[in-house]
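A short write-up of the structure that comes next.
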Amino acid sequence: VIQMVDFDNKGGSGFGVVDPVPDRDAIEAPILDPRENAKINPVTLTVRLAAGFPLGTVESPYHEITSKEQDAETRILTLKNDTVPADRDFELKWRATGEAPNAALFTEEVDGKHYLLAFLTPPRIAPDRLPKKDREVIFIIDNSGSMAGESIEQAKLALDDALTRLKPADTFNVVRFDDTFEVLFDDAVRADGENLAIARAFVNRLTADGGTEMLPALQAALIDRNAGDTERVRQVVFITDGAIGNEQQLFDAIAQQRGRSRVFTVGIGSAPNSFFMTRAAELGRGTFTHIGATSEVREKMGTFFAKLENPVMTGLSAQLAGGAGVGAELSVVSPDPLPDLYLGEPVVLAAIADKPEGMLAISGDFAGNPWQVNMDLAQATKGEGIGKLWARRKIASLEAERSYGTDWEVLNREVEEVALAHHLVSSRTSLVAVDVKVTRPEGEDVSSTKLPLNLPAGWDADKWFADEEADVQGDVPSPQKTFLQNFRKQATQLVAAAPTSEAAAEVARANQALTLPQTATPAERNMIIGLILMLLAVMTGAILRMYGRFGRKVRRAETARNAEARNRLP
């Protein structure tokens, strides 16, 4: 078991802090038990989809939606049930009518600056004309407690499907992790029948349990024992729900230890950590795929492996050319530099220019051949929100630079400047609303309350709340048993009767002590057990020494009495 220990002796204790999320108690919200409480946090949603090309099918795989057509390129989308509880990601997918368009360009002017959003599809080449390389694929699968329920079954199906797609000339390895990690083979092995059978048996035995120590497993997967191998492409496939709080440590590891590897993330479950998944894939120069239902595994893994099996478009760059825009400022942040592109993926970039004139030229190397497309800025469609989109991507690009050792103070200042200029929430800025109307009764103190969250759909409530139930039935003092029982009774009455923010706040006030089981690491428990064992050892040693001294004194006293008795003999 590998744990990250940060020794902090400011308090003079000398003990190490092993939790990689030091402010866990401050940022972690309580979770309502869905077995005894109605779901809360209702959400309404309206989407205006302006695709810039004639739309075909528009669908949401995890929510029922209604669609109203404004014109061939625009849809207004709402939730069919008006409101839904916030317990899963909302995903919207759309396709073009007929063949996908080659390009779409949008522009927006804000404070004299012209923001651009470009979308284009690389040329299509028949798969048999694409050069292919053998691959070394390292699979990482998360079997921690947060994966209990549908998530672990989806992950195992996804990995089994991935193993099926390997070719005999490929090599592979499997790493699994919870609060420990295990590497199946000493090194990547051939994808032959025997090795694949061993891997499938290993995966089928996995169960979701324990904490989440992701960093050691990732570092093990990034170790490249064949760094000089130019015949194979090295790919790391990360299958997880991303339920962690120490994302920056993992970003740093990917940025600094990636080498020639490409890191691909597969998000599992109804509510994966999309922030971590997306950023990890960007830093790893791979892609992010979300699998939210077991029925999607085969389709999405097929699409995913089509990307891995085909060459990428590399060396992408963008610049202004021709007209009065020559030499104008152009900042590409999607991200900067542009990532490699995989089969079927479009180029999407946001940029800023002084003047909307000339051509936006995007070029790269595709399947060993130079490729370029020119887009006339004068023909761009007017849009809204493009400036904010550019700002969000710029901030994301700046924050990603932290993993490469760039001066944090300089980056923080730049993030603040961009966020303030575009009125965005970021790691350095917040939006504050001041209510001038006094609603608190006079004389009543201000109090803070953590509002509870729903357990994500598909997660195993019996597994998540097992610790609390064990505590109630076990060594928890009777007042705490009574509190927990009263909380559940009160929560059911409050939330079921009125699933609103007021009810949620009331539940939260009674729920300050009931939070989601901390799966990030069992370090605190291990430390306590270790301290208890140390104390027992010290006490045992002291007792043994005490009895040893006592025994020696008794023996000396007996010896003295015997000697005295002998002296008294005639």
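The values are calculated or read from the model by the stated rules, or taken from the named source; none is laboratory data. Please read all numbers here as calculations on a predicted model, not as lab measurements. Note: ideal-geometry Cβ built from the backbone for every residue, glycine included; neighbour counts use all protein chains shown.
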Quiz item: Which ranges mark the strands (runs of 3 or more DSSP E) fully within region 1-109 that have 3 or more residues being out of contact with any Cys (no Cβ under 6 Å at 6 or more places or on another chain), modelled with pLDDT of 80 or more and not basic (Lys, Arg)?
Solution: 46-50, 55-59, 65-71, 74-79
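Would it be correct to say that GLU247 is in the same structural domain as ALA281 (by TED's automatic domain parsing), modelled with pLDDT of 95 or more, out of contact with any Asp or Glu (no Cβ under 9 Å at 6 or more places or on another chain) and among the charged types (D, E, K, R)? Spell out how you get there, then give the answer.
Values: in the same structural domain as ALA281 (by TED's automatic domain parsing): yes; modelled with pLDDT of 95 or more: no; out of contact with any Asp or Glu (no Cβ under 9 Å at 6 or more places or on another chain): yes; among the charged types (D, E, K, R): yes.
No.
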Exercise. Have a look at ASP209, ASP179, ASP160 and point out the one that is of a type outside the set (Val, Ile, Thr), assigned to a loop (DSSP other than H, G, I, E, B) and surrounded by fewer than 19 Cβ atoms within 10 Å (Cβ to Cβ).
Key: ASP209
Quiz item: (1) touching a residue at least 12 places away in the same chain (Cβ under 8 Å); (2) surrounded by fewer than 16 Cβ atoms within 10 Å (Cβ to Cβ): which one isn't true of VAL425, the others all being true?
Solution: (1)
Quiz item: In this structure, is GLY242 of a type outside the set (S, T, N, Q), surrounded by 22 or more Cβ atoms within 10 Å (Cβ to Cβ) and farther than 14 Å from VAL137 by Cβ?
Solution: yes
Quiz item: In region 474-481, is there at least one residue being modelled with pLDDT of 85 or more, among the small types (Gly, Ala, Ser), outside the structural domain of GLU153 (by TED's automatic domain parsing) and over 27 Å from the mean Cα position of the chain (by Cα)?
Solution: no
Self-check item: Selection from region 212-227 of residues that are surrounded by 21 or more Cβ atoms within 10 Å (Cβ to Cβ) and either in a helix (DSSP H, G or I) or without any contact (Cβ under 8 Å) to a residue 12 or more places away in the chain (or both)
Solution: MET214, ALA217, LEU218, ALA221
Exercise. Please work out if PHE185 is assigned to a helix (DSSP H, G or I) and either closer than 24 Å to THR278 by Cα or out of contact with any Asp or Glu (no Cβ under 6 Å at 6 or more places or on another chain) (or both).
Key: no
Exercise. Keeping to region 262-291, report how many residues are assigned to a loop (DSSP other than H, G, I, E, B), over 25 Å from LYS394 (Cα atoms) and in contact with a Lys or Arg (Cβ under 6 Å, 6 or more places away or on another chain).
Key: 2
